[in-house]
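Working notes, structure below.
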Amino acid sequence: MALGHHADDAVETFLMNLFNEGRVGCFSPVTYLSRKDLFVIRPMVYAWEKDVIHAQRSEDLPVVKSKCPADKVTNRQWTKDFLRGLEKQNPGVKQRILGAMERGGINGWGKVL
């Protein structure tokens, strides 16, 4: 099964786990679900959200808007906004966080099947 998480999702999830739970972790780029004998892959995990949006606009692909009443007023949105400000002050910080996740082997990051 393929999921559409991108690099921004990974960095946001890493920081939310750190800030909210005091744990170092993130979803894995590849996960094996033994009870279902199924691999979950995230093929866009090294693409940044801005690049995904650019590709969507370039190819005029449809976007399904969230119907969730909490959309854009969540902890994830706070983290996204926090990272945007951090990136303005420290250009490249998101890339460095992603690199640290890979070098640290966080939940399978840096490993290839």
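Numbers below:
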read-out	value
Boolean, K80 is under 13 Å from the mean Cα position of the chain (by Cα), exposed (fewer than 12 other Cβ atoms within 10 Å of the Cβ), within 14 Å of A7 (Cβ to Cβ) and modelled with pLDDT of 95 or more	no
Of the criteria (1) farther than 21 Å from G108 by Cα; (2) touching a Ser or Thr at 6+ places or on another chain (Cβ under 8 Å); (3) not hydroxyl-bearing (S, T, Y), which one V73 fails	(2)
Selection from the stretch 60-90 of residues that are of a type in the set (S, T, N, Q) and in contact with an Asp or Glu (Cβ under 7 Å, 6 or more places away or on another chain)	T79
Residue that is farthest from R103 (Cα to Cα), among those in the stretch 13-53 that are touching a Gly at 6+ places or on another chain (Cβ under 7 Å) and of a type in the set (A, V, I, L, M)	M44
Members of the stretch 68-97 found to be assigned to a loop (DSSP other than H, G, I, E, B) and either under 18 Å from M16 (Cβ atoms) or touching a residue at least 40 places away in the same chain (Cβ under 8 Å) (or both), listed by number	C68, A70, D71, K72, V73, T74
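This table checks each residue for (1) part of a helix (DSSP H, G or I); (2) surrounded by fewer than 17 Cβ atoms within 10 Å (Cβ to Cβ); (3) out of contact with any Cys (no Cβ under 7 Å at 6 or more places or on another chain); (4) not basic (K, R).
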site: D9; (1), (2), (3), (4): yes, no, yes, yes
site: E12; (1), (2), (3), (4): yes, no, yes, yes
site: L15; (1), (2), (3), (4): yes, no, yes, yes
site: R23; (1), (2), (3), (4): no, yes, yes, no
site: R35; (1), (2), (3), (4): no, yes, yes, no
site: V45; (1), (2), (3), (4): no, no, yes, yes
site: Q56; (1), (2), (3), (4): yes, yes, yes, yes
site: V63; (1), (2), (3), (4): no, yes, yes, yes
site: S66; (1), (2), (3), (4): no, yes, yes, yes
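The values are calculated or read from the model by the stated rules, or taken from the named source; none is laboratory data. As the structure is a computational prediction, the values presented were derived from the model and not from experiment. Don't worry about glycine lacking a Cβ; one is built from the backbone with ideal geometry, like all the others, and counts go over all protein chains shown.
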